[in-house]
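A.B. asks: Got a structure here, written out as structure tokens. Questions coming.
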Amino acid sequence: MRHQNATAYRFLTPYLLIFSIFWVWPIISSFLISFQATRTVPWRFAPTFNWGRLIGDPAFYNALKNTLLILVIQVPVMISLAIVMAVLLNSPLLKVRGLYRFAFFAPVVVGEVAYSAVFRLMFNLNFGIINKLLNSVGLPSVDWFSNVTPAMALIMIAVTWRWAGYNAIILLAGLQSIPDDVYEAATLDRVSKVKQFFYITLPLLKPIIVFCAVLSIIGTMQLFTEPFLITERGGPGGGTETLGLLLYRQGFRSLNFGYASAVAYTMAGLAIAITLVQLWLTRDPK
Amino acid sequence: MAAVTLTNVVKRFGGFGVVHGANIDIAEGEFVVFVGPSGCGKSTLLRMIAGLEDISAGEIAIGGKVVNDVEAAERGIAMVFQSYALYPHMTVEQNLSFGLRMNGNPKPDTERRVRRAAEILRIDELMHRRPKQLSGGQRQRVAIGRAIVREPQVFLFDEPLSNLDAELRVQMRVEISRLHKELGVTMIYVTHDQTEAMTLADRIVVLKAGNVEQIGAPLDLYDDPANRFVAGFIGSPKMNFMPARVVETGPGAATVELVNHAGARLSKPLQSTPPAVGAEVVLGVRPEHFFDAGKGDCDIAVKADVAEHLGSVSYVYAGAGDDELIIEREASRQRASGDHLTVAIKADKALLFDTKGARIR
């Protein structure tokens, strides 16, 4: 058995080597870098340099506030929307189901730059279709890119558009795993469709909903593309800057790898903490 | 408690007919079993009574009221599903009370009904467990309990025992029978197992390919089947069918010769006009209706292939292919494969069928 294991590990060596160099080492290295002052060469060990700055940095708190705001509003809205979409996709009354399934999933496969460019055009103050639609129902135009609140709303709308369908497809798989006869039994128990949804579908879908929520929380904690491309690097005036963007700005524009690493670990720590809290809150009673 | 009447009930899926005009009258408090092979339409028929399937034509009445356009929930029926269909995230108690709670039934009444169902089915100890913590038999009890708390006019059972092992199936069969006596409610039960049908039913409805072949009391179907299908389906082991030819006819009788047993002739009294001489027929004899040589109206010699000794009974399998016979005899306990034996057939215990399967009486 020991000989067999040795052979297996020999076959695994190339993968383990690459995994260690490009995955494990950067994770350890960035953790070590977060304890170094990297603004001057040579870097020097200074445990409180970056972490101390992080605690008192208004830019960090701004990015944290923006990220959490998006997390708290966008994730529940998107998951709720995804559940509704999944239920509609699962309806026996729906025709051309495959087409809808593809349409809902399509945003994920659209290039990020392309979709961001289209969103910028759609939400343009002067000729964007969204403002035209608002005007057509008597509402004034909104300057989506110059004011913080509309800009945040725009980020949330874009992220929701991009990922709701993806989550809906995962939830649809969960819905389809609930046996029909459970609903038939409920129908014979004189339970209305609405009550069936709240008392049967949602509880049975809970593990999938939690899974989608965890994925979304991790994704939102790392949110970068939309504030970078749609609201032009977290604009206006840092109003949509997220932790991901702050990390990028510090690491790749200011080349301050130490501080960027500290931000990265904070993001990862927060994502894990929020996920654990959520898993604890939604655990099954024994 | 309510009577159930099916009048010319038809079910088509697209252009494909599944049930072709079923006419069945089920009296109040009666235990009726729909039995037939897979795909015969028995479950579809049950689901149409439940209101889970629309009917393509015909009429279904429960308690004298036509329910074609009445929602499943309003038909006053309860159903026990093959897969139990318990709510997996609820405890046994919640499973039992769910329907009543959702409909705003007063709490004391809900508790009373749940307690009563739990007592009847002896599941009091399991009330706080979830379905995944229960055995198959316990789940089945909970599923039945959920039906009981509804206090329905009609109970429907869709192959409720097919997921249980043989021993548990026998035990649950007795329990369902006891339950019927205790509640006195109309029960309609679907199974493909003729033993279940024979042991449980007041009356059996035999179905084949969407047609009702025969309706009757278990022993009536056993003793007096309407056709070869019913004769073969009811009874275990199944009836033996031997090809034969009419060699002589007289007033009220026909003499047939067994094709695979040259010289074996049997004169069978008939109430109808006998078939013409030379006509091909089939002689049906149940395994338990073979007698010792010389003690019947016609002897046949066979060679035993396999002998099965089940303890209380023994079966000898003789011949092969079309000519395979299953013989139950006291003496067969001593038989072994390769033995030659001669058995007798009595005319009054043999049934005659034409080549299309219709009974010649």
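Read-outs throughout are calculated quantities, based only on the coordinates presented, and are distinct from any laboratory measurement. Treat the numbers as computed from the prediction; the structure is a model and nothing was measured. Cβ atoms come from the backbone with ideal geometry, glycine included; neighbour counts cover every protein chain shown.
A.B. asks: Using just the Cα positions, wrap the protein assembly as shown in a convex hull and report its mean projected area in square nanometres, one decimal place.
C.D. replies: 46.3 nm²
A.B. asks: Run the reach check for B:Lys303 against lysines, Cα to Cα strictly under 24 Å, same-chain hits fewer than 8 apart removed. What comes back?
C.D. replies: Qualifying lysines at Cα under 24 Å: B:Lys238, B:Lys295, B:Lys346, B:Lys349.
A.B. asks: Would you pull out the residues with amide H under 5 Å of B:Ala2's amide H, same chain only if 5 or more places away, H placed 1.01 Å from N?
C.D. replies: Here B:Gly29, B:Thr186 satisfy the definition.
A.B. asks: Give, rounded to the nearest 20 debye, the magnitude of the charge dipole that segment B:158-291 has about its Cα centre when Lys and Arg contribute +1 at Cβ and Asp and Glu contribute -1 at Cβ.
C.D. replies: That gives segment B:158-291 a dipole magnitude of about 380 debye.
A.B. asks: What are the ³J(HN,Hα) couplings of segment A:146-151, residue after residue, when phi is run through the Karplus curve with 6.51, -1.76, 1.60 and θ = phi - 60°? Round to Hz, x for glycine and proline.
C.D. replies: So the Karplus estimates, Gly and Pro as x, are 9, 10, 5, 4, x, 5 Hz.
A.B. asks: Picking from A:Phe197, A:Leu32, B:Gly104, whose Cα lies most toward the positive end of the charge dipole for the protein assembly as shown (charges on Cβ: Lys, Arg +1; Asp, Glu -1)?
C.D. replies: The residue sitting most towards the positive pole is A:Leu32.
A.B. asks: Right, something else. Around B:Val18, which amide H atoms from residues at least 5 apart in sequence, or from another chain, sit under 5 Å from its own amide H, with H modelled in the peptide plane?
C.D. replies: Long-range HN contacts for B:Val18: B:Lys11, B:Arg12, B:Phe13.
A.B. asks: Taking the Cβ of A:Ser91 as the center, what net charge do the other residues with Cβ under 15 Å away carry, scoring Lys and Arg +1 and Asp and Glu -1?
C.D. replies: Numbers: positive: A:Lys95, A:Arg97, A:Arg101, A:Lys193; negative: A:Asp180.
Once all neighbours under 15 Å are counted, the net charge is +3.
A.B. asks: Let me ask something else. Any idea what the dipole of segment A:57-281 comes to, in debye rounded to 20, about its Cα centre with Lys/Arg Cβ at +1 and Asp/Glu Cβ at -1? Kindly include the intermediate steps, with their values, before the conclusion.
C.D. replies: On the way: 14 positive and 10 negative charges, 52 e Å.
Dipole of segment A:57-281, to the nearest 20 debye: 240 debye.
A.B. asks: Oh, and also: Got the relative contact order for segment A:57-281 handy, in percent, Cα pairs under 8 Å and 6 or more residues apart?
C.D. replies: Here the relative contact order equals 29 percent.
A.B. asks: Straight-line reach from A:Lys193: which aspartates and glutamates fall under 19 Å, measuring Cα to Cα and dropping same-chain residues less than 8 apart?
C.D. replies: Within the straight-line limit of under 19 Å, A:Lys193 reaches these aspartates and glutamates: A:Asp180, A:Asp181, A:Glu184, B:Glu53, B:Asp54, B:Asp69, B:Glu71, B:Glu74.
A.B. asks: While we're on this one: Lys/Arg Cβ at +1, Asp/Glu Cβ at -1, dipole of the protein assembly as shown taken about the Cα centre: which of B:Tyr315, A:Gln74, B:Leu283 is farthest positive-ward?
C.D. replies: A:Gln74
A.B. asks: Once you keep just the Cα pairs under 8 angstrom separated by 6 or more residues, what percentage relative contact order results for chain B?
C.D. replies: Value for chain B: 15 percent.
A.B. asks: Using the Karplus curve 6.51 cos²θ - 1.76 cosθ + 1.60 with θ = phi - 60°, work out ³J(HN,Hα) for each residue of segment B:130-146 in order, rounded to whole Hz, and write x for Gly and Pro.
C.D. replies: For segment B:130-146, the Karplus curve yields 9, x, 5, 8, 10, 7, x, x, 5, 4, 4, 4, 5, 4, 5, x, 5 Hz.
A.B. asks: How large is the helix-only mean residue ellipticity at 222 nm for chain B, computed as the sum of -39500 (n - 2.57) over DSSP H runs with n ≥ 4, divided by its residue count, in deg cm²/dmol to the nearest 500? It would help to have the intermediate numbers written out before the result.
C.D. replies: Details: 8 runs with 86 residues, N = 361.
For chain B, the value works out to -7000 deg cm²/dmol.
A.B. asks: Provide a whole-number value for the mean count of partner chain Cβ atoms within 10 Å of the Cβ atoms in peptide A:188-196.
C.D. replies: Details: counts 17, 16, 10, 6, 3, 0, 0, 4, 1.
Averaged over the peptide's residues, the number is 6.
A.B. asks: I would also like to ask the following. Of all GluC sites (Glu not before Pro) in segment B:1-102, which ones are in loop regions per DSSP and have a Cβ with at most 16 other Cβ atoms within 10 Å?
C.D. replies: Qualifying residues, ordered by number: B:Glu28, B:Glu71.
A.B. asks: Shifting gears a bit: Report, by chain and number, residues whose modeled amide H sits under 5 Å from the one on B:Ala254, excluding near sequence neighbours (fewer than 5 apart, same chain).
C.D. replies: B:Lys268, B:Leu270
A.B. asks: Now, a different point. Reachable aspartates and glutamates from A:Lys206, Cα under 13 Å, same-chain residues fewer than 8 places away excluded?
C.D. replies: A:Asp284
A.B. asks: In whole Hz, with x marking every Gly and Pro, tabulate ³J(HN,Hα) for segment B:264-276 from phi via Karplus 6.51 cos²θ - 1.76 cosθ + 1.60, θ = phi - 60°.
C.D. replies: Couplings: 7, 10, 9, 9, 10, x, 10, 8, 9, 5, x, x, 5 Hz.
A.B. asks: OK, next. So for segment B:127-279: antiparallel DSSP bridges make up what percent, rounded to the nearest 5? It would help to have the intermediate numbers written out before the result.
C.D. replies: Values: 16 of 21 bridges.
About 75 percent, rounded to the nearest 5.
A.B. asks: For chain A, compute Rg over Rh where Rg is the Cα radius of gyration and Rh is the Kirkwood radius from the inverse mean 1/r over Cα pairs.
C.D. replies: That ratio equals 1.05.
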